[in-house]
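S.K.: The following block contains the structure, expressed as structure tokens.
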Amino acid sequence: MKGKRAAAAAMSAMLILLMSRNAFAFGSNVDMSPHQSSYERERTSEEWAKLRDNRIDWDELRDLVHEYNPTVSELWIRFRDNEHDGLYHVGISSALEAVEQRYSEASSRAGTDIEQAMADLEYQTSSVRTALDSTAQSTDREAARAQIEQTEQTVTETIRKSIITIRSSEEQRKLFALKASHNQSLYEAAVRREAAGQGTALDTLMTKESWEQSALSLQEAETQLKKLRQLLAVNLGWKYDASPELCAVPLPTAEQLSGLHLDTDTKLALQNNLAIRISERKQAVSGTDGQVNQLGLRIENQKEAVRSDMISRYQAVKQAEGGLSQARLTAQNAAAALQKAERSFSLGAASARDLEQARFAAESAELSVRIAEYSLASEYYDYLAGRDGIATANAGNE
């Protein structure tokens, strides 16, 4: 019986391969490009020129990822090749009928007990159908395309967040530079006080350590920023040492933030979710009750996971909004304290050191506001990405 099952499976695989190879012929003028996903004819010269300039624009990120991200481009080119090969046009029903017919004829010629032969045929048919379910799912064009779209959208949003991180890191680097300069001034003042007999060696040592630590933090921030830019360039088709002009991040407005509605957006997230769409498509092409039921359970679990993920994304936006509000309040208080210090200094009621400290606090607070704005932007665009199709749909029991 094992030999018969193996023969049936082999015949099924051979028939599927033959049908897929003969479904479509190769064109003689196909312009395959290893450097981009689309043919030249699929975009206008103006569109190609915009994608190939030395600038990364916010509104072209999806197109840049589609054409030039190494992983995404390879997936689309492979999808195109598979379609040319006819991989997505497999005749599952005819393949099953052919296997059944061949097995029936082989059983008749063998002269075995007819009841045993029919039992074997029923078993073989069930096994082949299960195998063909897997083939149907893996060779379904709509499911294959949705999987690549899911990867493309995920990569795009990762790169979007990377740009936000770069802009936030630039502000963080300014903050580290400000701290390094401030701590250097404190160290130099401590050296002067110690020389005048007004300070201790311990004070000098502690301020020196603070200065050195802040200088090290600045150096690490600059190194990390360089790495982020290199990774961004490579992921969008540039060489690692290229320096494309980077767009500004469109910060969400109060109107945009107030336009987020969890209930409505969750419904859209369920409609748009690519993982759910893939599972639904696999269910549609499955022929056995076991597969249909199993995928039905997976889809329900995925929907629950999406609902939960959207709640988490919404809460993250609200938390970032609160962080920005607190940063702005701190900046307002620091600005007021600076004005007070300036008035006191002009009247001789405050020292230069007091004024410098107030100025440092005010400038630091303003930079912290910018960092908080980018944190909010990151959570806002992450929320939109979940709504638009890539909310996490991994169910706990999968």
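S.K.: Sort the range 219-332 into rounded, prolate or oblate with this rule: let a ≥ b ≥ c be the square roots of the eigenvalues of the Cα gyration tensor; rounded if a/c is under 1.5, and if a/c is not under 1.5, prolate when a/b is larger than b/c, oblate otherwise. Don't skip to the end; give the middle numbers.
M.R.: Values: a/c = 3.08, a/b = 1.50, b/c = 2.05.
The shape class here is oblate.
S.K.: Whenever you get a sec, compute what percent of the accessible area on the range 149-214 sits on carbon and sulfur atoms (1.4 Å probe).
M.R.: Working: 1760 of 3450 Å².
Solvent-exposed carbon and sulfur of the range 149-214 make up 51 percent of the total.
S.K.: A further question follows. To make sure I understand the rule: partners must be lysines, Cα under 16 Å from the Cα of K227, and not fewer than 8 residues away in the same chain. Which ones qualify?
M.R.: Of all the lysines, those that pass the test against K227 - Cα under 16 Å, at least 8 places apart if same chain - are K161, K239.
S.K.: Which number gives the lysine pairs in the range 253-397 that have C-alpha atoms under 30 Å apart and are eight or more places apart or on different chains? The partial results should precede the final answer.
M.R.: On the way: K267/K282; K267/K303; K267/K318; K282/K303; K303/K318.
Counting lysine pairs in the range 253-397 gives 5.
S.K.: Shifting gears a bit: In nm, what is the difference between 0.36 nm times the number of residues separating A335 and D289 and their Cα-Cα distance? Let's see the in-between values first.
M.R.: Values: separation 46, 0.36 × 46 = 16.56 nm, distance 6.88 nm.
Difference between extended and current length: 9.7 nm.
S.K.: Could I ask something else about it? Taking 7 Å along the Cα-to-C-beta vector as the label spot, tell me the Y240-T264 distance in nanometres, rounded to one decimal.
M.R.: 4.6
S.K.: Determine, from the Cβ-Cβ distance of A248 and L297 and an R0 of 30 Å, the FRET efficiency 1/(1 + (r/R0)^6), rounded to the nearest 0.05. Numbers along the way, then the final one.
M.R.: Numbers: r = 46 Å, r/R0 = 1.52.
Given R0 = 30 Å and the Cβ-Cβ separation, E is 0.05.
S.K.: Would you mind counting up the charge near T204? Only other residues with Cβ under 15 Å from its Cβ, with Lys and Arg at +1 and Asp and Glu at -1.
M.R.: Neighbourhood net charge equals -2.
S.K.: What do you get for Rg/Rh over the range 268-398 if you use C-alpha atoms and the Kirkwood form of Rh? Before the final figure, lay out the partial values.
M.R.: On the way: Rg = 25.6 Å, Rh = 18.3 Å.
Reported Rg/Rh, Kirkwood definition of Rh: 1.40.
S.K.: What's the extension gain from K226 to E304 if we count 0.36 nm per residue and subtract their Cα-Cα distance? Spell out each step's value before the answer.
M.R.: Working: separation 78, 0.36 × 78 = 28.08 nm, distance 4.00 nm.
Gain on extension, K226 to E304, equals 24.1 nm.
S.K.: Taking 0.36 nm per residue of sequence separation and subtracting the Cα-Cα distance, how much length would be gained by fully extending the chain between E142 and S351, in nm to one decimal?
M.R.: Numbers: separation 209, 0.36 × 209 = 75.24 nm, distance 7.20 nm.
Extra length from E142 to S351 when fully extended: 68.0 nm.
S.K.: For the range 253-397, what does the accessible surface come to per residue with a 1.4 Å probe? Please give it in Å². It would help to have the intermediate numbers written out before the result.
M.R.: On the way: 7800 Å² over 145 residues.
So the range 253-397 comes to 54 Å² accessible per residue, rounded to a whole number.
S.K.: Follow-up question, since we're still on this one. Kirkwood hydrodynamic radius of the range 254-314 from all distinct Cα pairs, in Å? Mind dumping the intermediate values first?
M.R.: Numbers: mean 1/r = 0.0781 Å⁻¹.
It is 12.8 Å.
S.K.: Could you tell me how far the Cα centroid of the range 176-192 sits from the Cα centroid of the range 225-260, in Å?
M.R.: With the range 225-260 and the range 176-192 each reduced to a Cα centre, they are spaced 33 Å.
S.K.: Each label point is 7 Å from the Cα along the Cα-to-Cβ direction; what then is the distance between the points at D85 and R41, in nm?
M.R.: It works out to 2.4 nm between the two label points.
The values are calculated or read from the model by the stated rules, or taken from the named source; none is laboratory data. Being a predicted model, the structure only gives us computed values, none of them experimental. Don't worry about glycine lacking a Cβ; one is built from the backbone with ideal geometry, like all the others, and counts go over all protein chains shown. Quick note on the areas: whole protein, heavy atoms, side chains included, nothing else; ligands and nucleic acids left out. Shrake-Rupley method; radii C 1.70, N 1.55, O 1.52, S 1.80 Å.
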